[in-house]
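Here's the structure we're looking at; comments come further down.
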Amino acid sequence: EADIYQTPRYLVIGTGKKITLECSQTMGHDKMYWYQQDPGMELHLIHYSYGVNSTEKGDLSSESTVSRIRTEHFPLTLESARPSHTSQYLCASSEYSSTDTQYFGPGTRLTVL
Amino acid sequence: GENVEQHPSTLSVQEGDSAVIKCTYSDSASNYFPWYKQELGKRPQLIIDIRSNVGEKKDQRIAVTLNKTAKHFSLHITETQPEDSAVYFCAARRKNTDKLIFGTGTRLQVFP
């Protein structure tokens, strides 16, 4: 079934650890996005990609980095996690169309102690 | 840059009543306006969207209206049900960009 998958769904780690949040989609979409969202609050775009080898920073400054080596895979990495990184991270994808409708993954809830 | 304001931040209605959520955008070049519903602990789900060449769109109990002159658009839910309870987000996309600017969300509670 075509969908967007994120792993892990929940992660609790200590300060200073390096982490990678995984996002994969089987929808055949070229564009992918990462959003940061505190529970019930607005979504802030932190990274996006038009396709393989394309990455752009979003509107919200973030210490994370992303890569896009394969069309279906868009991982997000934090080199040294801090408590201020505690949040939910949502991955999304869209196809090239007149609307670019974005479809979201289930999210990763990250807690940094 | 683009800014989207959303009101109200919380809305409580009785089952069967109607609910209206309003959003205002700042960039007149915006041409696509989706609405997402996010239930507690779940991902945002697209429920309806409208393009700038249309003034109104309806899908069963849900409708969206767009006023380009005033730069605002609204979500209308009729005959509300408890399962409509969620946080609703509006968004706007500027023409020829790939980014959505989201509103701050409206927490809708429908009481039985």
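How large is ³J(HN,Hα), in whole Hz, for each residue of segment B:93-110 in order, when computed from phi with the Karplus curve 6.51 cos²θ - 1.76 cosθ + 1.60 and θ = phi - 60°, using x for Gly and Pro?
10, 6, 3, 6, 10, 10, 10, 9, 9, 9, x, 7, x, 10, 8, 9, 10, 10
Using each residue's phi in segment B:7-20, evaluate 6.51 cos²θ - 1.76 cosθ + 1.60 at θ = phi - 60° and report the 3J(HN,Hα) Karplus result to the nearest Hz, with x for Gly and Pro.
9, x, 7, 9, 8, 10, 9, 7, 3, x, 7, 9, 10, 10
Averaging sequence separations of C-alpha pairs under 8 Å and six or more residues apart, then dividing by the length of segment B:1-105, give the relative contact order as a whole percent.
Answer for segment B:1-105 is 35 percent.
So what is the relative contact order of chain A, in percent, for Cα pairs below 8 Å that sit 6 or more residues apart?
36 percent
Semi-axes of segment B:49-112's equivalent ellipsoid from the Cα gyration tensor, sqrt of 5 times each eigenvalue, largest first, rounded to whole Å?
Semi-axes from the Cα gyration tensor: 24, 15, 9 Å.
Tell me, what HN-Hα J-couplings in whole Hz come from the Karplus equation 6.51 cos²θ - 1.76 cosθ + 1.60 at θ = phi - 60° for each residue of segment A:26-36, using x for Gly and Pro?
Couplings: 10, 9, x, 7, 8, 8, 9, 9, 10, 10, 10 Hz.
If the cut-off is 20 Å between C-alpha atoms, which aspartates and glutamates fall inside it for residue A:57, apart from same-chain ones fewer than 8 positions away?
Candidates past the 8-residue exclusion: A:22, A:30, A:38, A:42, A:72, A:79, A:95, A:100, B:2, B:98.
Please compute the modelled spin-label separation between residue B:68 and residue A:3, points set 7 Å along Cα→Cβ, answer in nm with one decimal.
For residue A:3 paired with residue B:68, the spin-label model returns 3.9 nm.
Give the long-range amide H neighbours of residue A:31: residues separated by 5 or more places, or on another chain, with amide H under 5 Å away, using H modelled in the peptide plane at 1.01 Å from N.
The list, which skips near neighbours in sequence, is A:94, A:96.
If every alpha-carbon in segment B:14-78 counts as one equal scatterer, what log10 I(q)/I(0) does Debye give at q = 0.25, 0.27, 0.28 1/Å?
Evaluating at q = 0.25, 0.27, 0.28 Å⁻¹ gives log10 I(q)/I(0) of -1.13, -1.23, -1.27.
Calculate I(q)/I(0) for segment A:17-77 by the Debye formula, one identical point scatterer on each C-alpha and no solvent, and give its log10 at q = 0.15, 0.23, 0.25, 0.29 Å⁻¹ to two decimals.
After summing over all Cα pairs, the log10 values are -0.44, -0.96, -1.08, -1.27.
Enumerate the amide H contacts of residue A:17 below 5 Å, restricted to partners 5 or more residues apart or on another chain; note that Pro and chain-start residues carry no placed amide H.
A:81
Can you give the Kirkwood hydrodynamic radius of chain A from its Cα pairs, in Å with one decimal?
Over chain A, the inverse of the mean reciprocal pair distance is 14.0 Å.
Which one, B:81, B:53, B:109, projects farthest toward the positive side of the charge dipole computed for segment B:35-112 from Cβ point charges (K/R +1, D/E -1)?
Projecting each Cα onto the dipole axis, the largest value belongs to B:53.
Given chain B, what count of lysine pairs have C-alpha atoms under 17 Å apart, with each pair 8 or more places apart or on different chains?
11
What residues qualify as long-range amide H neighbours of residue B:17, i.e. H under 5 Å apart, gap of 5 or more or another chain, H built at 1.01 Å from N?
Those qualifying (amide H under 5 Å, at least 5 residues apart or on another chain) are B:80.
Just to confirm a number: summing +1 for Lys and Arg and -1 for Asp and Glu over residues other than residue B:30 whose beta-carbon lies under 10 angstrom from that of residue B:30, what do you get?
+3
Could you state the number of Å between the C-alpha centres of segment A:19-81 and segment B:8-35?
27 Å
Out of all DSSP beta bridges in segment A:1-102, what portion is antiparallel? Express it as a percent rounded to 5.
Beta bridges within segment A:1-102, antiparallel portion: roughly 100 percent.
If you take every residue apart from residue B:84 with its C-beta less than 13 Å away from the C-beta of residue B:84, what net charge results, scoring Lys and Arg +1 and Asp and Glu -1?
For residues surrounding residue B:84, the net value is -2.
Readers should treat all values here as calculations from the given coordinates under stated rules, not as data from a laboratory. Please read these numbers as outputs of a predicted model, since none were measured by experiment. Heads up, the Cβs are rebuilt from the backbone with ideal geometry, glycines too, and the neighbour counts pull from every protein chain shown.
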